[in-house]
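First up is the structure itself, then whatever we jot down about it.
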Amino acid sequence: MKKNVCMYVWNHFTNDARVMRECTALSENGYNVDLICIDDPKDESISRYEEMNPHFHVYRVRRYPVLLELLQKVYRISLKHKMIGLLLVLAWLSSAFLAPLVVLPVSAILFLFWRTKLSVVWVRGSIILRMIARGWQKKYDIYHSNDLNTLPQGYICAKWRINKKKLVYDSHEVQTSRTGYDSGAYAKMEGFLINKIDTMIVENHTRAKYNEQLYGFYPGVVYNYPFKQKESVLDQEKVDLHQMLGLPKDEKILLYQGGIQTGRGLENLVKAVPLFKEGTLVFIGDGRIKPTLVKMVEDMKLQDRVKFISKVPLKELPKYTRNAYLGFQVLNNVCFNHYSASSNKLFEYMMSGVPVVACSFPEIKKVVEENRIGICVDSHDYEDISKAVNYLLKEVEVRNEMSQNSKSASKTYNWDLEKDKFYNIYNQLLIS
């Protein structure tokens, strides 16, 4: 009899490779999986419900409360038509609800509320409640929370009941030391909830040891390796980036793919471009600091040597990656989360036979140097980055050898093998 799994993730589930792999693996190995995530009202290409396969379904809960969506419409109309639009809409609301003496002042208060930081609490709190409600709608045997921001939902659904269910905490990041998580509240929340879970999964052994020091137990380790690529696919399926970007056929593409976020050394890549002997730096992805990088490129007058492409669907990304002469993974040591990373990007480059210029952090350095698939640098030093790039530009045979090494290493660092460790964790969970 198949076991039912309710999995949570705090995103729109459009580019989450790890969660996709885990859900697919479970659905192919005797489990029915319902993934609960968040709807994106700005993206018309996704829907509230998707059937990924007969045993894997996706449910996206509403992002904004209905009342807040209405207030947003009011605000947009008021911006377009100034105060006349706002008064007309409020008047319509008053007549619609047949309570003109109540709706006008309440609407004004809610409007002011929406324009403050309190709206963030309102929105996130509503999402959490909707996730919990969805998690209670069916009988599940296991609740699986990806990261700390969905652990309360999993805990409430799994443990606030007479017949308690199993709870998996799958921590993709180091929650107590990561960018954007500076408040001590996160550490206190994790410290409280860690005693309520049945098992924990982390990304690598460096993080597992860190967890052992914090909480006294060694969690299960499942590396974030991508699916193995077929050799025939590597040669045949490719998006022509040169044509897309208007580059000569022989131009060397120096690629960064992933989130355009702080702490990833991306500013240093731009600073290094004038020192590159040749090649065009290409960013594929979106994120908070992308406008800053674009302006930086403009200020340095590097528009001809730096190109930006918006994020592409996860399934399509390898077709872009295969165009690269080399790839970058130059995280900065701004927190233990970055220092301990075994980045998915590193293995995506590997699968496509793309050598890397990478940071010298333990998990990444171990893979790069043991398999001779690239060069590790001081990721805080743009001149050191440029030296590695220029070496690989000059020594074409070395670069090509590293490319072949990458393809060979991909036979070891892939999800087809790693998922057995994931299955073992679930098997142990069911018999415990």
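Does the stretch 191-233 hold any residues that are surrounded by fewer than 18 Cβ atoms within 10 Å (Cβ to Cβ) and either farther than 30 Å from ASP416 by Cβ or of a type in the set (Lys, Arg) (or both), and which are they?
GLY191, PHE192, ASN195, LYS196, LYS209, GLN213, LEU214, TYR215, GLY216, LYS228, LYS230, listed by residue number.
Check whether at least one residue in the stretch 345-355 is more than 16 Å from TYR225 (Cα to Cα) and out of contact with any Gly (no Cβ under 9 Å at 6 or more places or on another chain), and report yes or no.
There is no residue in the stretch 345-355 that is more than 16 Å from TYR225 (Cα to Cα) and out of contact with any Gly (no Cβ under 9 Å at 6 or more places or on another chain).
Tally up the residues in the stretch 370-427 that are among the acidic types (Asp, Glu) and touching a strand residue (DSSP E or B) at 6+ places or on another chain (Cβ under 6 Å), please.
Residues in the stretch 370-427 being among the acidic types (Asp, Glu) and touching a strand residue (DSSP E or B) at 6+ places or on another chain (Cβ under 6 Å): 1 in total.
As an exercise: evaluate LEU293 against (1) of a type outside the set (Phe, Trp, Tyr); (2) over 21 Å from the mean Cα position of the chain (by Cα); (3) surrounded by 16 or more Cβ atoms within 10 Å (Cβ to Cβ) and give the number of the one condition it does not meet.
(2)
Quick check: anything in the stretch 295-305 at pLDDT below 95, under 22 Å from VAL334 (Cβ atoms) and out of contact with any Phe, Trp or Tyr (no Cβ under 8 Å at 6 or more places or on another chain)?
The answer is no; no qualifying residue exists.
Working carefully through the options SER107, SER126, find the one that is more than 18 Å from VAL61 (Cα to Cα), modelled with pLDDT under 95, among the hydroxyl-bearing types (Ser, Thr, Tyr) and not in a loop (DSSP other than H, G, I, E, B).
SER107
Do any helices (runs of 4 or more DSSP H) entirely within the stretch 234-316 hold 3 or more residues that are in the same structural domain as TYR349 (by TED's automatic domain parsing) and within 20 Å of THR179 (Cα to Cα), and if so, which?
Passing ranges, in order: 266-272, 290-299.
Identify the residue in the stretch 161-175 that is in contact with a helix residue (DSSP H, G or I) (Cβ under 8 Å, 6 or more places away or on another chain) and over 24 Å from LEU214 (Cβ atoms) and, among all such residues, is surrounded by the most Cβ atoms within 10 Å (Cβ to Cβ).
That would be LYS165.
May I ask you to list the residues in the stretch 153-173 that are at pLDDT 95 or above, among the charged types (D, E, K, R) and under 22 Å from ASP16 (Cα atoms)?
Scanning the stretch 153-173 gives a single hit, ASP170.
Check the stretch 190-203 and report whether any residue there is acidic (Asp, Glu) and either touching a Phe, Trp or Tyr at 6+ places or on another chain (Cβ under 8 Å) or closer than 17 Å to LEU26 by Cβ (or both).
There is at least one residue in the stretch 190-203 that is acidic (Asp, Glu) and either touching a Phe, Trp or Tyr at 6+ places or on another chain (Cβ under 8 Å) or closer than 17 Å to LEU26 by Cβ (or both).
Can you tell me which residue among ALA158, ALA133 is surrounded by fewer than 18 Cβ atoms within 10 Å (Cβ to Cβ) and on the phi < 0 side of the Ramachandran plot?
Result of the check over ALA158, ALA133: ALA133.
(1) in contact with a helix residue (DSSP H, G or I) (Cβ under 8 Å, 6 or more places away or on another chain); (2) over 24 Å from LEU275 (Cα atoms): which one isn't true of LYS366, the others all being true?
Exception for LYS366: condition (1).
Filter the strands (runs of 3 or more DSSP E) completely within the stretch 30-99 down to those with at least 2 residues that are modelled with pLDDT of 95 or more and in contact with a Leu (Cβ under 8 Å, 6 or more places away or on another chain).
56-61
The values are calculated or read from the model by the stated rules, or taken from the named source; none is laboratory data. Keep in mind it's a predicted model, so treat the numbers as computed, not measured. Here Cβ is always computed from backbone atoms with ideal geometry, including for glycine, and neighbour counts include all displayed protein chains.
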